[in-house]
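Visitor: One structure, as structure tokens, below. Some questions next.
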Amino acid sequence: MALQRALSWPLAVLLSVVPLAGCAVECSPVVEGGWVRKPPADLPMLAAYARIANPCKHEVVVVSAASDDFADVTLHATTVEDGISRMRPVAELPIAAGTTAVMAPGGMHLMLMQPRRALRGGDRVEIRFTLADGREVRGQFAVKGPKAVP
């Protein structure tokens, strides 16, 4: 009986702790303030902007983006070279621990190609961001008019 009591206490502690290890919440970046600028005419490309906050203790890297509402979504950066503004695709977007990546007009942004449905001001679209470790982060983006500013 004494042996049974002596073994049951450590076993009870072990069994109460083990399930918690599998329930640990993994830290993920958060997409905030997402919006899509609708062009003045029905064009096959739109731009989207947002902030991606990384509250984690380690860097995260966005390697791609996708949406059911568009045929293609790519990360782009606007740069000025020799006085000329140019947009270039970006292969990845690293976000350091405790920082926020800002996608805004004139800088980093998303190019949304070939909308699969007619979009109006006030509509919402979901964009999925794939991280280098294979996880996915989703964000909601509000469609705004052509003169919208952040």
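Throughout, read-outs are computed from the coordinates displayed, never taken from laboratory work. Source: prediction; values computed, not measured. Don't worry about glycine lacking a Cβ; one is built from the backbone with ideal geometry, like all the others, and counts go over all protein chains shown.
Visitor: Going by a ≥ b ≥ c, the root eigenvalues of the Cα gyration tensor, does region 30-144 fall in the rounded group (a/c under 1.5), the prolate group (a/b larger than b/c) or the oblate group?
Guide: Oblate shape, in that a/c is at least 1.5 and b/c is the bigger or equal ratio.
Visitor: Report the paramagnetic label zone for residue 113: residues of region 25-44 whose backbone N is under 13 Å from a point 7 Å from Cα along the Cα-to-Cβ axis.
Guide: Within reach of a label on residue 113: 44.
Visitor: Right, next: In debye, nearest 20, what is the charge dipole magnitude of region 30-144 about its Cα centre with +1 on Lys and Arg Cβ and -1 on Asp and Glu Cβ, if you could check?
Guide: Roughly 340 debye for region 30-144.
Visitor: Also, quick follow-up: What whole number of Å gives the distance from the Cα centroid of region 89-150 to the Cα centroid of region 52-80?
Guide: 7
Visitor: Further question on the same structure: Which aspartates and glutamates, if any, have their Cα less than 20 Å from the Cα of residue 144, not counting same-chain residues under 8 positions apart?
Guide: 32, 42, 68, 69, 72, 123, 126
Visitor: Suppose R0 equals 25 Å; then what is the FRET efficiency for residue 130 and residue 80 from their Cβ-Cβ distance, rounded to the nearest 0.05?
Guide: That pair, residue 130 with residue 80, gives E of 0.30.
Visitor: If you don't mind, there's one more thing I want to ask. Of 110, 122, 140, which is farthest along the charge dipole of region 77-150 in the positive direction, counting Lys and Arg as +1 and Asp and Glu as -1 at C-beta?
Guide: 122
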